[in-house]
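Values in this text are rule-based calculations from the coordinates and carry no lab data. Predicted, not measured: the structure shown is a model, and the values here were computed from it. Because the Cβ atoms are built from the backbone with ideal geometry, glycine has one as well, and the counts that use them run over all protein chains shown.
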Amino acid sequence: MEFFRNPNIDFLGKKWYFLAFSLVFSVAGVFSMLFWHGIPLGIDFRGGTLVEVKFAHSPDDNAIRAAMDRAGLHHARIQRFGQPESNEVLIDLSLQETSEQALDQGKLAIINALESNAPAGKQDLNNTSFLTLKNYLAEKDPLRAGTDAEQRYTAQAQAIVNYRDKVKSGVLNSLDELKAAADPAVVASLGDGFYLSDFGVRNVSIVGPQVGHQLQNQAKLAVVYSLAGMLVYLAFRFEWIYGVAAVITVFHDTLITVGAFSLMNKEISLTVIAAILTLIGYSNNDTIVVFDRIRENLKLMRREKLSDIVNRSINQTLSRTILTAGLTFLTVLALYLFGGEVLKGFSFALVIGILIGTYSSIAIAAPILVAYQDWRSGRGKPPVMVPVGKEANRREKMKAKA
């Protein structure tokens, strides 16, 4: 299957348009990273406390942020989580303690900030623990359980907590809902000691600052090693200038992708780093396909200008590039649209990376080869990109005999 039959597009003739396009997006990304949003590192890299909160109604981000500020939790990051109808948000705090107490500290900080109208002397049933609930029931003893109190109230408390967390996703709207899970006498007794807030803290996770710093270093090394390995491979497989062109191209792709995250203020997490490494390989694969065709055509079109050879090579691989990139793009686009909040960063990086990676293989990598060859010619130096291997040697010998 081919999208084009014998295309003859002058890609190199449009190199200045491509250069302007790349400069605009690269400079915008750099300015955003330096002066606007910076590099928005996720909790994986900078450390902190991440609290998942579910609301009984559609949450108001500004109201949540104002409540955080009133409680002294400044610069909290608030992000919608899951489907819109799930009413869930992730609240990212700068608390970086790594002890067990820090988990409770993060949870209590959120609860105290959001509970503005808590009745005096009552506890929040949506955020109470199993142990607190069991102890309350054992003290209240609504079932007159006698010697079986420990066992019966353990079962009742567990049934209530399970119903709240598993059936109602962490938020009860009415105590009457519990009649489907617990004894009516137990449910009736809850009103004396508990009330229902409009939210529930579902999960608390912590990444310590030392771990975050270590992950930052490992992510940087992973990117640097991948670029270095690519340079060595292409220098060995082709010529060193091919390796340099490929590394510049991949750096261009990575810069624009990270710049897009900064411009849109999207957090860069470990999954985003995995996506960036993936697009490095993907972009490199497309670039090698074009380079390989250029090398083949150098053997067949020895008397033509290098710019014509490069143009012909890009056109010959254009259909294959569009087919492979197009199908991959549709897949990651579907992942971005329907994959859920957890995969948003990963899929967004791939969407941007595949578009830019495909573009750069055509518009950046190949023109670098021509520009370098032209620069050498202008200085009176012999060309670097010449036919290599046995076939080239055979043709040189035949030419000498003739």
Quick one: dipole size for the chain, taken about the Cα centre, charges +1 on Lys/Arg Cβ and -1 on Asp/Glu Cβ, in debye to the nearest 20. 3040 debye
Which net charge results when you count Lys and Arg as +1 and Asp and Glu as -1 among the other residues whose beta-carbon is under 9 Å from that of Phe238? 0
In whole angstrom, note down how far apart the Cα centers of region 1-65 and region 233-279 are. 13 Å
Given Cβ charges of +1 for Lys and Arg and -1 for Asp and Glu, the option among Leu114, Ala63, Gln156 whose Cα lies farthest towards the positive end of the dipole of region 48-206 is Gln156
Helix 15-31 versus the longest principal axis of the chain: what angle, 0 to 90°, nearest 10, using Cα atoms? 30 degrees
Report the gain in length on full extension from Arg302 to Ala63: 0.36 nm times residue separation, minus Cα-Cα distance, nm rounded to one decimal. 79.1 nm
What is the magnitude of the charge dipole of region 1-142 about its Cα centre, with +1 placed on the Cβ of each Lys and Arg, -1 on the Cβ of each Asp and Glu, and no other charges, expressed in debye to the nearest 20? 500 debye
Using Cα pairs under 8 angstrom and six or more residues apart, how large is the relative contact order of region 33-122, in percent? 33 percent
Using only Cα atoms, locate the centre of region 318-379 and the centre of region 103-175, then give the distance between them in Å, rounded to an integer. 53 Å
Counting pairs of alpha carbon atoms under 8 Å apart in space and at least six apart in sequence, what relative contact order in percent does region 119-259 give? 23 percent
Of the options Leu330, Ser347, Gln316, report the single residue whose Cα projects farthest towards the positive end of the charge dipole of region 300-355 (beta-carbon charges: Lys, Arg +1; Asp, Glu -1). Gln316
Rounded to the nearest 5, what % of DSSP beta bridges with both residues in the chain are antiparallel? 85 percent
For region 133-148, 3J(HN,Hα) per residue [Karplus equation, 6.51 cos²θ - 1.76 cosθ + 1.60, θ = phi - 60°, Hz, x = Gly/Pro]: 5, 5, 5, 4, 5, 5, 6, 6, 6, x, 8, 6, 6, x, 5, 8
Measure up Lys122/Lys179; Lys134/Lys166; Lys140/Lys168; Lys14/Lys299; Lys54/Lys122; Lys107/Lys134 against 23 Å on the Cα-Cα distance and list the ones that go over. Lys140/Lys168; Lys14/Lys299
Relative to the longest principal Cα axis of the chain, at what angle does helix 100-114 sit, 0 to 90 degrees, rounded to 10? 80 degrees
Please give the FRET efficiency for Lys14 paired with Asn265, using the beta carbon to beta carbon distance and R0 = 35 Å, rounded to the nearest 0.05. 0.60
Residues other than Ala145 with Cβ under 13 Å of its Cβ, Lys/Arg counted +1 and Asp/Glu -1, net out at -1
Name the residue farthest towards the positive end of the dipole of the chain from the options Gly193, Gly243, Ser22, assuming +1 on Cβ of Lys and Arg, -1 on Cβ of Asp and Glu, about the Cα centre. Gly243
Ratio Rg/Rh, restricted to the chain and using Cα atoms, in which Rh is the Kirkwood radius: 1.19
For region 48-206, the dipole about the Cα centre with charges only on Cβ (Lys and Arg +1, Asp and Glu -1), to the nearest 20 debye, works out at 140 debye
Starting from the 7 Å offset along Cα-to-Cβ, what nm value, one decimal, do you get for the label separation of Ala145 and Ser169? 3.1 nm
Quote the FRET efficiency, to the nearest 0.05, computed for Thr324 versus Asn117 with a Förster distance R0 of 45 Å and r equal to the Cβ-Cβ distance. 0.20
Evaluate E = 1/(1 + (r/R0)^6) for Trp240 and Trp36, where r is the Cβ-Cβ distance and R0 equals 30 Å; express this FRET efficiency to the nearest 0.05. 0.20
So which aspartates and glutamates can Lys344 reach, going by Cα to Cα under 18 Å and dropping same-chain residues fewer than 8 places off? Asp44, Glu52, Glu85, Glu88, Asp92, Glu267
